[in-house]
Amino acid sequence: MENITIHNDHNDELTNSDTILNISTYKFIELKESYLTELKTNIFAKCEELSLKGTVILASEGINVFLAGYSRQIQQFFAWFNHLDKFSDVKPKESFSNKIPFRRLIVKIKPEIITMRMPVIRPQEERAPAVEAKILAKWLRQGHDDDNRPVVMLDTRNDFEVQVGTFNNALNYNINKFTEFADAIDKNKSDLENKTVVSFCTGGIRCEKAAIYMQNMGLNNVYQLEGGILKYFEEADGEHYTGECFVFDYRTALNAKLEVTGQLQCYGCRAVVSLEDQKSNLYQPPLKCPHCAIGRNKISLAKQERIQTKINKKMQARQEYRKQQKILHENL
């Protein structure tokens, strides 16, 4: 289906009276096809009215939201959103930054709000049990759950995300995308038997499907971390977590205080480039980084050229937009 996209050219930097608020939230809920089209149009119109940027994904299984804007605009959006049928209970996770980390606004309809390609997994019908951040922190502190079972932390994220930071001693099966999760668990089920398994991801959406999958394959005592890593940072100060949390926007990574850390993502190989690696002669943004030059992240010249062409097109489109906006303002 066609995406709705808008490019904004407002100044994204902070003013003295405003703060950029970044929010993420999702809800698994059955949505009819006819309602999706209407909802897409209405959400786009409201976000455009409030000059918000980010991505909203809609599907028959629910909604997944990433938005940023001045605090008062985000608050106005959620005041409106919570009055929509089916979304009165949706609450966002919040963090702040000194500029909007998105270039544009996209509202689109997809087959899933998080791609797993397993139609039998339907969290909109019934959730797996969830554990709150403070309860999990207590379990990790004492070395077992409240029934004295050992606790296994299971990272459901992509490998490049895990490299930025994860829970101490967490299991990670080095998947490249979430669609590989089921196969990885099938091959390593014995690691999780007779233990309390807590699946986790950035904001909770992937671990919600992951926990249901593990329940369906016969694993008992499976939980999802409520609100994911970002909520855990907010409520448990990152206890038992080492490193930072990768996020899918221009902030790249957040620390346990939900602050931007300065790490960047390479356009070429998707690896996260640390502050130290950014000093390397091998770092040639946006196409090359030290990870590209060595090991499995090395990319071909053809791929570099494709990426550069894509970047050039985006830059040309943005320049043309600014030119048109300047002409428009001059004619007012």
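The values are calculated or read from the model by the stated rules, or taken from the named source; none is laboratory data. Here the structure is a predicted model, which means the values were calculated and not measured. Quick reminder, even Gly has a Cβ in these numbers, built from the backbone with ideal geometry, and neighbours come from all protein chains shown. Areas reflect the complete protein model, heavy atoms only, side chains present, ligands, DNA and RNA absent. Shrake-Rupley method; radii C 1.70, N 1.55, O 1.52, S 1.80 Å.
Odds and ends about this structure:
- Subset of segment 127-151 that is of a type outside the set (Asp, Glu) and open to solvent by less than 20 Å² (accessible area, probe 1.4 Å) - its residue that is farthest from Gln215 (Cα to Cα): Ala137
- Only a single item in (1) open to solvent by 60 Å² or more (accessible area, probe 1.4 Å); (2) free of Cβ contacts under 8 Å to residues at least 24 places away in the same chain; (3) not hydrophobic (A, V, I, L, M, F, W, C) is not met by Gln163, and it is number (2).
- The number of residues in segment 239-279 being free of Cβ contacts under 8 Å to residues at least 40 places away in the same chain, open to solvent by 40 Å² or more (accessible area, probe 1.4 Å), among the hydrophobic types (A, V, I, L, M, F, W, C) and assigned to a strand (DSSP E or B) comes to 1.
- Here Leu282 clears all of (1) crowded, with 17+ Cβ neighbours inside 10 Å; (2) hydrophobic (A, V, I, L, M, F, W, C); (3) in a loop (DSSP other than H, G, I, E, B) except the condition numbered (1).
- Among the residues examined, Ile63 qualifies as within 10 Å of Ile113 (Cβ to Cβ) and at pLDDT 95 or above.
To keep it simple, each residue is scored yes or no on (1) closer than 20 Å to Tyr26 by Cβ; (2) in contact with a His (Cβ under 8 Å, 6 or more places away or on another chain); (3) in a loop (DSSP other than H, G, I, E, B).
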position	(1), (2), (3)
Thr166	no, no, no
Tyr173	no, no, yes
Asn176	no, no, yes
Phe181	yes, no, no
Ala184	no, no, no
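- Tally of residues being over 20 Å from Thr41 (Cβ atoms) and either surrounded by 13 or more Cβ atoms within 10 Å (Cβ to Cβ) or not charged (D, E, K, R) (or both) across segment 103-126: 12
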